[in-house]
Amino acid sequence: MKEENIIQKKSFDFAVRAVNAYKYLIENKKEFVLSKQFLRCATSIGANVEEAIGGQSESDFYSKLCIAYKEARETKYWIKLMNETEYFNKSEAESLLKDLEEILRIIGKIQVTIKKRNS
């Protein structure tokens, strides 16, 4: 069986953090609307990475990776919003954003590599 690659692992680990953050938000902060949006896009990053890895072609791989990137950007929006509205404190938000920025950088580098290879 093929070993997981770095973006696969990091996006899965981030999804686990997102699920735990969601549980915290609904149990402790009684926040059900923003947290659901955050959960959906945060877990979608890894799901789209998995779909990309199983893609039928390089263009399919690239397309799913682009979706993962957009979901990561949306996740960033929700984290920042929940920080500003005090559902996340500063350190919680910064920690999530740090992991998310790393995911965005990795996906971005993969996208650039594919574009260069196909030019």
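Using just the helices of the chain, give the 222 nm mean residue ellipticity in deg cm²/dmol: DSSP H runs with n ≥ 4 each add -39,500 (n - 2.57), and the total is spread over all residues, rounded to 500. Intermediate values should be presented prior to the final figure.
Working: 4 runs with 98 residues, N = 119.
Helices in the chain give a 222 nm mean residue ellipticity of -29000 deg cm²/dmol.
Can you give me the long-range amide H partners of Glu31? Hydrogens built in the peptide plane at 1.01 Å from N, cutoff under 5 Å, separation of 5 or more residues or another chain.
HN-HN under 5 Å from Glu31: Ile26.
Can you list residues from other chains, or at least 5 along the same chain, whose modelled amide H is less than 5 Å from the amide H of Phe88?
Asn83
Among Phe38, Ser63, Phe12, which residue has its Cα furthest toward the positive end of the charge dipole of the chain, with +1 on Lys/Arg Cβ and -1 on Asp/Glu Cβ?
Ser63
Past the 20 Å Cα-Cα mark, which pairs from Lys9/Lys70; Lys76/Lys98; Lys70/Lys115; Lys36/Lys64; Lys29/Lys70; Lys36/Lys70?
Numbers: Lys9/Lys70 18 Å; Lys76/Lys98 10 Å; Lys70/Lys115 17 Å; Lys36/Lys64 22 Å; Lys29/Lys70 27 Å; Lys36/Lys70 17 Å.
Pairs exceeding the cut-off: Lys36/Lys64; Lys29/Lys70.
If the label point is 7 Å along Cα→Cβ of Arg17, which residues in region 43-70 have backbone nitrogen under 15 Å from it?
It comes to 43-46, nothing else.
Here, each number is a calculation from the coordinates, and none is a lab measurement. Note that this is a predicted model, so its numbers are computed, not measured. No Cβ is skipped: glycine too gets one built from the backbone with ideal geometry, and neighbour counts run over all protein chains shown.
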